[in-house]
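*Asks:* Attaching a single structure in structure tokens format; questions to follow.
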Amino acid sequence: MRNLKFKKIAIVGLGLMGGSLAVACRKKFPKARITGVSRSREALALARKKKWVHETSEDALLGAKDADLVVLCTPVDTFLPYLKAIDKVCAKGALVMDVGSVKVSVLKEANSRQWKNLSFVGCHPMVGSHRRGIRAVNPTLYKEGAVLLTRDRNTCPAAYKMAKKFWKALSSRIVELSPEKHDALVGEISHLPHAAAVCLMHTVSVPALKVASTGFRETTRIAASASSIWQPIFSSNRKVMLKVLDRFERELGIFKKLLQSRDPKALSRYLDKARERRNSL
């Protein structure tokens, strides 16, 4: 992309998100040297074999050395230790971004200190899968959804502008939000469905699971995601989650009352309204 040149891009975390990003960066930024950082030797070996990266490291200090762009593709509760390490070795003025699903706590933590070399911008590509690991890599993953960009009063304007240009090179839709608005909306549209899927898995009986078919499997697909990713998300967005869970409980109460009322027309109206909203997506 015009005026967007990186000498070295370090991607920390080579699972679905990080591995797919490495593939996309190799294509969009052919002159940049791509470094993959992971604690998984299997992931590093496969990334090298597939030529998704130029070089790999198990150590963020080595992988991020002299990088002018670093993207954190690890669980949201790991960011601060990585930022401390990266700031010691990255290029002066380096842009550091994340792909995490919460932003208020992340930006608060990232802006809790003055960095010597890096500038941080909170980003959230609305893509993903219940599948995890390097073998789940999807070369077109980032083309499939919007990228949410956030900033607060401490965000460097130049870094934010660069982050926006970067994601425009990979995605067709950019949405700019405050960290608070981001967490509120994503809590409804992403975190609540995941919580509902988890609760469904705990609700149904073992005999019922034995006859589960397409509908149940699709509805609960995201419950197969790793707790190492989702526990920090739920915990970080606790206040929002408690509010949306209250709303969800009220809707369950309405549905229950409709069943108790034995009013088929009222129940049909409720179902039809949901269908119309779903079809409008």
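*Asks:* For a quick check: with amide H placed at 1.01 Å from N, whose amide H comes under 5 Å from R33's, ignoring anything fewer than 5 positions away on the same chain?
*Replies:* Long-range HN contacts for R33: K8, I9.
*Asks:* Per residue, how much accessible surface does the chain expose to a 1.4 Å probe? Answer in Å², no decimals.
*Replies:* Working: 16340 Å² over 281 residues.
So the chain comes to 58 Å² accessible per residue, rounded to a whole number.
*Asks:* Follow-up question, since we're still on this one. Only four residue types carry charge here, +1 at the Cβ of Lys and Arg and -1 at the Cβ of Asp and Glu. Report the dipole size of the range 33-72 about the Cα centre in Debye, rounded to the nearest 20.
*Replies:* Working: 8 positive and 6 negative charges, 56 e Å.
Its charge dipole is roughly 260 debye.
*Asks:* Roughly what would the spin-label model give for D263 and R113, points 7 Å off Cα along C-beta, in nm?
*Replies:* According to this spin-label approximation, the distance is 6.0 nm.
*Asks:* Share of antiparallel DSSP beta bridges in the chain, in percent to the nearest 5? Before the final figure, lay out the partial values.
*Replies:* Values: 4 of 28 bridges.
In the chain, DSSP labels about 15 percent of beta bridges as antiparallel.
*Asks:* Taking +1 at the Cβ of each Lys and Arg and -1 at the Cβ of each Asp and Glu, which of M201, L149, H191 sits farthest along the dipole of the chain towards its positive end, judged by Cα position relative to the Cα centre?
*Replies:* Positive-most Cα among the choices belongs to L149.
*Asks:* On the accessible surface of the range 1-50, probed at 1.4 Å, how many percent belong to carbon and sulfur atoms?
*Replies:* Working: 1290 of 2730 Å².
Ligands and nucleic acids excluded, carbon and sulfur give 47 percent.
*Asks:* Here's a follow-up. Any idea how far apart F255 and V206 come out in nm if each label point goes 7 Å out from Cα toward Cβ?
*Replies:* So the label points at F255 and V206 sit 2.6 nm apart.
*Asks:* Further question on the same structure: State the volume of the convex hull built on the alpha-carbon positions of the range 1-69, expressed per residue in Å³ and rounded to an integer.
*Replies:* Working: hull volume 4.8 nm³, N = 69.
Given the Cα convex hull of the range 1-69, per-residue volume reads 69 Å³.
*Asks:* Let me ask you something else. Just from its helices, what would the mean residue ellipticity at 222 nm be for the chain, if runs of 4 or more DSSP H residues each count -39500 (n - 2.57) and the sum is divided by every residue, rounded to the nearest 500 deg cm²/dmol?
*Replies:* Details: 13 runs with 138 residues, N = 281.
Mean residue ellipticity, 222 nm, calculated: -14500 deg cm²/dmol.
*Asks:* Put +1 on the Cβ of every Lys and Arg and -1 on every Asp and Glu Cβ in the range 1-54; which of G15, S40, L4 then has its Cα farthest towards the positive end of the dipole?
*Replies:* The residue sitting most towards the positive pole is L4.
*Asks:* Still on this model: Could you list, in their original order, any pairs among K49/K161; K49/K84; K8/K92; K88/K168 whose Cα atoms are separated by more than 24 Å?
*Replies:* Numbers: K49/K161 34 Å; K49/K84 30 Å; K8/K92 12 Å; K88/K168 29 Å.
Checking Cα-Cα distances, K49/K161; K49/K84; K88/K168 exceed 24 Å.
*Asks:* Could you look at the range 227-281 and say what percent of its accessible area is carbon and sulfur, using a 1.4 Å probe and all protein chains? Display every interim value, and only then the final one.
*Replies:* On the way: 2670 of 4760 Å².
Percent of accessible area from carbon and sulfur atoms in the range 227-281: 56.
*Asks:* Would you mind giving the average projected area, over all directions, of the Cα convex hull of the range 1-156 in nm² with one decimal? Don't skip to the end; give the middle numbers.
*Replies:* Working: hull surface 33.8 nm².
Computed as one quarter of the Cα hull surface, the answer is 8.5 nm².
*Asks:* On a full-extension model of 0.36 nm per residue, what is the gain between H54 and K5, subtracting their alpha-carbon distance, rounded to one decimal in nm?
*Replies:* Working: separation 49, 0.36 × 49 = 17.64 nm, distance 1.69 nm.
Length gained between H54 and K5: 15.9 nm.
*Asks:* Could you give the nm distance between label points at S235 and R277, where each point is 7 Å from its Cα heading toward the beta carbon?
*Replies:* For the pair S235/R277, the computed spacing is 3.1 nm.
*Asks:* Now, a different point. Roughly how many whole Å is it from the C-alpha centroid of the range 170-236 to that of the range 241-267?
*Replies:* Using only Cα atoms to place each centre, the spacing works out to 20 Å.
*Asks:* Turning to a different aspect of this structure: Please report the net charge: other residues with Cβ closer than 15 Å to the Cβ of V70, K and R +1, D and E -1. Each step should come with its number before you reach the end.
*Replies:* Values: positive: K7, K8, R33, K65, K84, K88, K92, K116; negative: E55, D59, D66, D68, D87, D98.
Within the 15 Å Cβ shell, the charges total +2.
*Asks:* Next question, about the same structure. Distance cut-off 19 Å, Cα to Cα: go down the list K103/K239; K108/K165; K243/K265 and report the pairs above it. Mind dumping the intermediate values first?
*Replies:* Numbers: K103/K239 13 Å; K108/K165 24 Å; K243/K265 30 Å.
Those over the limit are K108/K165; K243/K265.
*Asks:* Taking H placed 1.01 Å from N in the peptide plane, check which residues at least 5 places from E176 or on another chain put their amide H under 5 Å from its amide H.
*Replies:* L149
*Asks:* Ratio of alpha-carbon Rg to the 2.2 N^0.38 Å globular estimate for the chain, to two decimals, please.
*Replies:* Working: Rg = 20.9 Å, N = 281, 2.2 N^0.38 = 18.7 Å.
So the Cα radius of gyration is 1.11 times the expected 2.2 N^0.38 Å.
*Asks:* Rounded to the nearest 20 debye, what is the charge dipole size of the chain about its Cα centre when +1 sits on each Lys and Arg Cβ and -1 on each Asp and Glu Cβ?
*Replies:* On the way: 52 positive and 23 negative charges, 173 e Å.
Dipole of the chain, to the nearest 20 debye: 840 debye.
*Asks:* Students often check this: by mean Cβ neighbours within 10 Å, which of 238-249, 267-278 ranks highest, and how do the rest follow? Present the calculation step by step, with values, prior to reporting the outcome.
*Replies:* Numbers: 238-249: 14.2, 267-278: 11.0.
Ranking the peptides 238-249, 267-278 by packing returns 238-249, 267-278.
*Asks:* So, one more: With the full set of protein chains in place, find how many percent of the accessible area of the range 133-221 is carbon and sulfur; take the probe as 1.4 Å.
*Replies:* Carbon and sulfur: 56 percent of the exposed surface of the range 133-221.
The values are calculated or read from the model by the stated rules, or taken from the named source; none is laboratory data. Quick caveat: nothing in here was measured; it's all calculated off a predicted structure. Cβ: placed from backbone, ideal geometry, glycine included. Neighbour counts: every protein chain shown. Note: accessible area is taken over every heavy atom of the protein model, side chains too, but ligands, DNA and RNA are not part of it. Shrake-Rupley method; radii C 1.70, N 1.55, O 1.52, S 1.80 Å.
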